Every structure is written in C-alpha cells, then in structure tokens.
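The values are calculated or read from the model by the stated rules, or taken from the named source; none is laboratory data. These numbers were taken from a predicted model, which means no experiment stands behind them.
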Amino acid sequence: MDNAPKIIDVYDLDDADDKDGQFKRLITARNRCKKSFVANFPIGFFDPGYVQLMRVPLASAHRLWVAELNKQKFGELLFQGKHLEAAQKALSIEAGTTFLS
C-alpha cells in the first residue's frame, strides 16, 4: 500500500509542499481562465454567446463531416486509392472550424 501514488489536493497545499511554486502557478492560471470565461460567458456553457461562438460552428462542421466524409465515403475514397482527395476533404472541413486552433 505504501507504493500507491500520493493524491495531492491543491487546496491543502502550504508553502512547504510547493517548493518551486508550480501548484500556486497552476491554481493562479486556472482561476484566471475561469474568471475570463465567466466574464465572457456569464451563464457558462449555456450562455447564448458561447453557444453561438463555439457550439453552432462545431455542430455545423459535424453535419458537414457526416455529409461529405462519413465512414462509408472515407472508406470508399481510401479503397479507390484517392488518399489525397480524402485528405483535402478533411482539411476543407477543418479549415472552417476552430478545432485545432
């Protein structure tokens, strides 16, 4: 049992536990992100601004992905050796989103 990893509750840390200040920086960064998120989207994930900015574009991209490059169509392109076309379709769909940014 002594080999079990120690679970650290960041709320119980004191200065002796955080010699390099890493946990304090993480907590500070987390709190800054939460504050910024709530300032921009007061209702959180249900805020109309969040829905319009994040959820609507992702849902649209998903519908486009299903229509243009679903499992069957993707498999057919690969089977036909049309790897470049499959990649171009994927990139064109991704380009209209913020998936990777």
(message) Which residue is modelled with the lowest pLDDT, if the candidates are limited to region 55-101 and must be of a type outside the set (Val, Ile, Thr) and assigned to a loop (DSSP other than H, G, I, E, B)?
(response) 101
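Which members of region 1-53 meet the condition of being among the hydroxyl-bearing types (Ser, Thr, Tyr) and either modelled with pLDDT of 70 or more or closer than 30 Å to residue 97 by Cα (or both)?
Applying the first criterion (among the hydroxyl-bearing types (Ser, Thr, Tyr)) to region 1-53 yields 11, 28, 36, 50.
Result: 28, 36, 50.
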